[in-house]
Amino acid sequence: KKFEHIRMSLALQPYLDCIRATLTAAMCLQNFASQEVERHNKPEVEARQNPDVLLNDIIVSRSPQEKVLIETSINSVRISVCLKKSDELDQILTKRMLRFFCQRAENFVILRRKAVPGYDISFLVTNFHCEAMYKHKLVDFIVAFLQDIDSEISSSKLAVSARGRIVANEFLKTFTR
Amino acid sequence: FWNRPHMSQATISQRQAAIQQALNSGNTVAALNVVLTNPPFGLTDENLRTADRKAVSLALSQFKKDADIQNAIANLDADQLDILMKYIYAGLSLGEYSKELLNWHAIVLTKAGNGSIVRTIADKVNTL
């Protein structure tokens with residue numbers, strides 16, 4: 001079972017390169033006032049009122065469980081990530097770590113407070129973000145996030161296992177002579 | 001153009017059979033030609049769409065070497081490269097053959113440029 005995991009994992013770089021290229025193409029955003037409500041400006045990918053301003057969704061997947069959904073519209077892009085969670089410990093750690101980020105979504109600016117259903121975490125980039133920040137830097141941020149999140153979760157997993165082992169050792173020492 | 005009839009189950013099965021035949025005889029370039037001629041744009045039936053995408057992903061995954069891929073796309077024009085890019089993303093959304101499709105993506109991107117990705121995202125009529 002352990003070796004199956006190693007055999008199934010693909011190189012990360014082509015996956016990230018594909019996502020970088022797709023994001024660069026998708027983040028061509030411009031201001032677009034809401035057509036439904038006067039004087040309002042909504043991210044169309046969230047409002048979903050007009051099919052005309054929504055573009056095709058793209059899913060880039062590395063495996064059936066690990067994928068990125070990129071939904072574009074005229075003034076906003078929603079990027080949802082589904083991470084690889086091999087076992088239950090992974091699932092718990094992913095959920096906790098990403099919930100930690102999502103609760104501080106204002107500080108991340110482009111993070112969405114709740115992930116799109118079916119995915120672990122979502123980003124929402126609007127035309128205003130693209131105007132205030134460099135587009136290539138935004139793409140860099142998201143790709144760096146994807147690159148580092150896996151290693152962060154596996155190091156948390158190792159830390160949990162190590163702590164568990166130490167605690168169990170200490171506890172069981174009381175039962176040995 | 002707007003009155004183009006949707007392809008039926010029969011045409012999709014014919015396409016799948018033609019691709020399978022080309023692959024059985026080991027001729028991957030012929031399979032690619034089947035893929036790029038008369039693709040079923042704008043299919044609404046999800047089952048047919050998935051079947052077509054799976055057949056195309058299979059065909060693309062049979063190209064084992066980078067040199068083979070580069071030779072195959074060397075003589076394609078812009079429209080065919082767009083069709084190819086759309087199929088690459090369609091295959092990536094299914095989740096199988098990711099490694100081969102990501103490889104194809106990198107090579108076709110160098111040839112076709114970022115515009116092909118923009119057209120995949122923006123073209124809502126000729127979806128694959």
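The values are calculated or read from the model by the stated rules, or taken from the named source; none is laboratory data. Please read all numbers here as calculations on a predicted model, not as lab measurements. Counting neighbours? That spans all protein chains shown, and the Cβs are built from the backbone with ideal geometry, glycine included.
The set of residues in the stretch A:100-125 being in a helix (DSSP H, G or I) and over 11 Å from the mean Cα position of the chain (by Cα) consists of A:100, A:103, A:105, A:106, A:107, A:108. Filtering the stretch A:130-144 to residues that are surrounded by 13 or more Cβ atoms within 10 Å (Cβ to Cβ) and not in a helix (DSSP H, G or I) leaves only A:133. Taken over the stretch A:111-132, residues that are under 16 Å from residue A:20 (Cβ atoms) and without any contact (Cβ under 8 Å) to a residue 60 or more places away in the chain amount to 1.
Just to be sure before I move on: is residue A:128 over 12 Å from the mean Cα position of the chain (by Cα) and either of a type in the set (Gly, Ala, Ser) or closer than 25 Å to residue A:33 by Cα (or both) in the structure I sent? It is true that residue A:128 is over 12 Å from the mean Cα position of the chain (by Cα) and either of a type in the set (Gly, Ala, Ser) or closer than 25 Å to residue A:33 by Cα (or both).
Among the residues of the stretch B:114-128, the ones that are within 18 Å of residue B:102 (Cα to Cα), within 7 Å of chain A (Cβ to nearest Cβ) and small (Gly, Ala, Ser) come to 0 in all. Picking from residues in the stretch B:67-111 that are surrounded by fewer than 16 Cβ atoms within 10 Å (Cβ to Cβ) and of a type in the set (Asp, Glu), the one that is farthest from the other protein chains (Cβ to nearest Cβ) is B:77. Take the conditions modelled with pLDDT of 95 or more, surrounded by 14 or more Cβ atoms within 10 Å (Cβ to Cβ), assigned to a loop (DSSP other than H, G, I, E, B) and among the aliphatic types (A, V, I, L, M) and apply them to residue A:23. Does it pass? Considered against the rule, which asks whether it is modelled with pLDDT of 95 or more, surrounded by 14 or more Cβ atoms within 10 Å (Cβ to Cβ), assigned to a loop (DSSP other than H, G, I, E, B) and among the aliphatic types (A, V, I, L, M), residue A:23 comes out as no.
When the residues of the stretch B:3-55 are filtered to those that are of a type in the set (Lys, Arg) and closer than 18 Å to residue A:56 by Cα, the one that is modelled with the lowest pLDDT is B:49.
Out of B:97, B:89, report the one residue that is among the aromatic types (Phe, Trp, Tyr) and at pLDDT below 95. One residue alone meets the criteria, B:97.
Taken over the stretch A:45-66, the criterion of being within 14 Å of chain B (Cβ to nearest Cβ), part of a helix (DSSP H, G or I) and surrounded by 14 or more Cβ atoms within 10 Å (Cβ to Cβ) is satisfied by A:45, A:53.
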